[in-house]
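The values are calculated or read from the model by the stated rules, or taken from the named source; none is laboratory data. Quick caveat: nothing in here was measured; it's all calculated off a predicted structure. Neighbour counts run over all protein chains shown; Cβ positions are idealised from the backbone, glycine included. SASA here: full protein model, heavy atoms, side chains in, ligands and nucleic acids out. Shrake-Rupley method; radii C 1.70, N 1.55, O 1.52, S 1.80 Å.
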There are 2 protein chains.
Amino acid sequence: MKLVQKGLILSKVRVGPFSVSLDGFGAGPRQDINNPLGVRGFELHGWFQNTEVFNKMHGQSGGRRGIDNDWAAQSFENVGAFILGRNMFGPIRGSWKDDSWKGWWGDNPPYHMPVFVLTHHARPTIRMEGGTTFHFVTDGADSALRRAKEAAQGKDVGIGGGVSVIRQYLIADQIDEMHLAFPPVFMGEGENLFSGINLHQLGFTPVKTVTGENAMHVLLRKR
Amino acid sequence: MKLVQKGLILSKVRVGPFSVSLDGFGAGPRQDINNPLGVRGFELHGWFQNTEVFNKMHGQSGGRRGIDNDWAAQSFENVGAFILGRNMFGPIRGSWKDDSWKGWWGDNPPYHMPVFVLTHHARPTIRMEGGTTFHFVTDGADSALRRAKEAAQGKDVGIGGGVSVIRQYLIADQIDEMHLAFPPVFMGEGENLFSGINLHQLGFTPVKTVTGENAMHVLLRKR
């Protein structure tokens, strides 16, 4: 009990790695089964694909090393639970017609830890291979954060996205740290991360900026 | 006559170097006499200040060399005339109360070429030291572009800003090339360059991306 309380105090709520186009979009428009990240959304994630970290999360060995890979590794380090928006979990809108959809990632999703999915539609918890458990939270973002903190057992909580979930936690002033990755991409349309969000006013300041092989990485922390 | 016509065909219309924060702002909010680039706007231009190119434009010798400086040099290369919005020229709104305001830059402005200032309020041309001439154009952006192309004598026309002028020429599909510089800055508010502008749809693609000492530089061209 004491350990959990310590965890509640010391653990951080972190975003990242989260990719944003240079014109501010964290996903493309018109997400569907064939475009999990929206149209052209895959261009945002080229820097991460096939890195060693990416491959390891997906049960593969090998992969690119370097700055992009190092930043990806740091972003996942010490994260004990994730929160995802419902569209990050799947393309289905409205109520679940059955329990067949189990995420974009197949039987062994890349999280390997408890994942809390924000949704308006209740569903039983799903235990996947490789340690990922999907919990469906229907009583709001605060509740998801409380449950994720508890599940993280003193480690940090990762806000995995999408854009609307990150914006929700930003506006609620519940995020401590963000790792944003900016590939040289202009989406033009899609899910805008920054529209109406004043990171400076929210107290964030870029504390570290490094350019990797395929993206510029910025670490923001609360002042 | 033939040469001018050749110029009209071959010369490009180029934006840059133009600084944009990672959340899309090309200037801070609340521009006034003490904040020519809006509040915190100076943070956008740190990469350019005190480079050798910057110093030379301002009649000083020495200055930082390196990638940032090289990109600044390339951006001004072969530009024969500039177009500026009225707020890039000064903080005065409405009609000119007299002819005393001659730009933010003192007697010897950094342009050293013809500069066309878009305004609704007529004013006689001002010839400054060092070759800068300010022409005030009251019959619209098209007219300014025609006059600037003629004045550039076959060289390129530089769209110097601010944000609203660049947006205007982008929407009119009159820009061929943009050099955007992204320093690791989050303005949070101010003049947003990208809001409602779909560079991808307008046909722009990033053809070169290099990270300098204090900003990431992206060159965009029409496909």
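Structure above, values below:
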quantity	calculated
Per-copy distances of the A:K222 label point, shortest first, in nm (7 angstrom along Cα→Cβ)	4.9
Estimated FRET transfer efficiency when R0 is 56 angstrom, pair B:E213-A:T125 (beta carbons, to 0.05)	0.65
Positive-end extreme of charge dipole, chain B - chosen from B:V53, B:S11, B:A73 (charges on Cβ)	B:S11
Modelled FRET efficiency - R0 45 Å, B:D142 with A:N198, Cβ distances, 0.05 increments	0.80
For chain B, built as a Gaussian network whose Cα springs stay under 10 Å, the top-fluctuating residue of B:I33, B:I166, B:I67	B:I33
Per-residue average of Cβ from other chains inside 10 Å of B:211-220	3
Solvent-accessible ranking of B:Y111, B:Y169, largest area first, probe 1.4 Å	B:Y111, B:Y169
Candidates A:A122, A:A148, A:A72: whichever shows maximal mean-square fluctuation once chain A is modelled as a Gaussian network with Cα springs under 10 Å	A:A122
Centre separation in Å (Cα based) which lies between region A:108-139 and region B:164-206	39 Å
Residue-level accessible surface for A:H121, protein heavy atoms, 1.4 Å, Å²	60 Å²
Interchain or long-range residues, amide H under 5 Å from A:V185's placed H	A:L22
Counted charge near B:V137, where neighbours are those whose Cβ lies closer than 11 Å (Asp, Glu -1; Lys, Arg +1)	+2
Accessible area (Å², per residue) of chain B, counting only protein heavy atoms and a probe of 1.4 Å	46 Å²
Accessible area (Å², 1.4 Å probe, nearest 10) - A:M113	30 Å²
Ranked order, B:W96, B:W47 - accessible area, probe 1.4 Å, largest first	B:W96, B:W47
Neighbourhood charge, 11 Å Cβ-Cβ cut-off, centred on A:F89 and excluding it, Lys, Arg +1 and Asp, Glu -1	+3
GNM flexibility winner over chain A from A:R123, A:R147, A:R86 (Cα, springs under 10 Å)	A:R123
Prolate/oblate/rounded label for chain A (Cα gyration tensor, a/c 1.5)	rounded
For region A:22-33, 3J(HN,Hα) per residue [Karplus equation, 6.51 cos²θ - 1.76 cosθ + 1.60, θ = phi - 60°, Hz, x = Gly/Pro]	5, 9, x, 9, x, 7, x, x, 6, 4, 8, 4
Percentage of interatomic Cα-Cα distances in the protein assembly as shown larger than 37 Å	33 percent
Whole-Hz couplings from phi, Karplus 6.51/-1.76/1.60, listed for region A:116-122; x for Gly and Pro	9, 9, 6, 8, 8, 10, 4
Positive minus negative residues near B:R64 (Lys, Arg vs Asp, Glu; Cβ under 15 Å)	-2
Area accessible to solvent at A:S143, 1.4 Å probe radius, in Å²	10 Å²
Beta bridge orientation in the protein assembly as shown: antiparallel %, DSSP, nearest 5	45 percent
Peptide-level mean, for B:194-200, of C-beta atoms on other protein chains within 10 Å	6
